[in-house]
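K.L.:
Next up is a structure, given as structure tokens.
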């Protein structure tokens with residue numbers, strides 16, 4: 001559980017750690033609870049995080065939707081928490097696991113990738129900047145060629161790191177998704193993010209479906225994907 005001293009701190013903590021739920025008082029310094037909720041909703045990585053606002057019992061402020069309730073008592077707060085836990089889906093949990101891995105990588109990139117580093121050094125730091133070692137990480141350059149890979153993706157695909165660094169995204173893609181993937185790549189570079197399922201080809205020729213969360217330009221010119229099979233993500237969430 002994370003605690004914040006004000007609304008700005010709460011937003012920063014949510015962006016870095018992607019909590020399962022955010023609980024905030026309506027009245028907060030620097031950024032009040034309603035403003036905090038609006039900021040979370042405006043960020044695609046945070047918009048599906050439920051927010052519960054706690055108001056003064058004397059206030060008549062009401063919530064406008066079930067995903068962002070406003071409560072005035074501890075009993076109401078606990079009841080909403082139980083409902084949110086019951087409503088969690090495997091897909092939502094999978095997305096958040098991969099997004100958290102990306103958040104770890106962004107933090108590492110900011111902390112360690114100084115201007116003196118070569119692009120290869122930055123890619124290596126990025127691929128290692130993840131707390132969950134079972135999540136696969138691939139780093140690609142602007143031409144969609146892989147420049148770094150972690151041990152988990154090697155185990156998942158059956159390719160060595162050296163082999164992966166000789167490949168492009170399309171070499172690893174299942175043949176029937178390459179054309180769609182190339183269109184998605186252009187949108188990804190434009191929009192800065194991609195999230196969804198994708199089919200890849202293992203070294204044995206077997207095709208497997210993975211869930212993927214990707215961010216463009218984690219550092220300029222380096223684009224990062226975190227990925228895992230759905231079954232592994234389910235295990236990591238339990």
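The values are calculated or read from the model by the stated rules, or taken from the named source; none is laboratory data. This is a predicted model, so every value here is computed, not measured. Cβ atoms come from the backbone with ideal geometry, glycine included; neighbour counts cover every protein chain shown.
K.L.:
Of all residues in the range 8-33, which are touching a strand residue (DSSP E or B) at 6+ places or on another chain (Cβ under 7 Å) and without any contact (Cβ under 8 Å) to a residue 60 or more places away in the chain?
P.N.:
Matches in the range 8-33: 10, 14, 22, 23, 24, 25, 26, 33.
K.L.:
Further question on the same structure: Specify the residue that is surrounded by the most Cβ atoms within 10 Å (Cβ to Cβ); the eligible residues are those in the range 1-58 that are at pLDDT below 85, more than 20 Å from residue 195 (Cβ to Cβ) and within 22 Å of the chain's Cα centre (by Cα).
P.N.:
Residue satisfying both the conditions and the ranking: 2.
K.L.:
Restricting to strands (runs of 3 or more DSSP E) lying wholly in the range 140-231: which have 3 or more residues that are farther than 22 Å from residue 120 by Cβ and assigned by TED's automatic domain parsing to the domain that holds residue 107?
P.N.:
193-201, 207-219
K.L.:
From the list 156, 164, pick out the single residue that is surrounded by 15 or more Cβ atoms within 10 Å (Cβ to Cβ) and closer than 22 Å to residue 188 by Cα.
P.N.:
Of the residues listed, the single one that is surrounded by 15 or more Cβ atoms within 10 Å (Cβ to Cβ) and closer than 22 Å to residue 188 by Cα is 164.
K.L.:
Is it the case, given these coordinates, that residue 211 is touching a helix residue (DSSP H, G or I) at 6+ places or on another chain (Cβ under 6 Å), in contact (Cβ under 8 Å) with a residue 12 or more places away in the chain, more than 18 Å from residue 142 (Cα to Cα) and surrounded by fewer than 18 Cβ atoms within 10 Å (Cβ to Cβ)?
P.N.:
It is false that residue 211 is touching a helix residue (DSSP H, G or I) at 6+ places or on another chain (Cβ under 6 Å), in contact (Cβ under 8 Å) with a residue 12 or more places away in the chain, more than 18 Å from residue 142 (Cα to Cα) and surrounded by fewer than 18 Cβ atoms within 10 Å (Cβ to Cβ).
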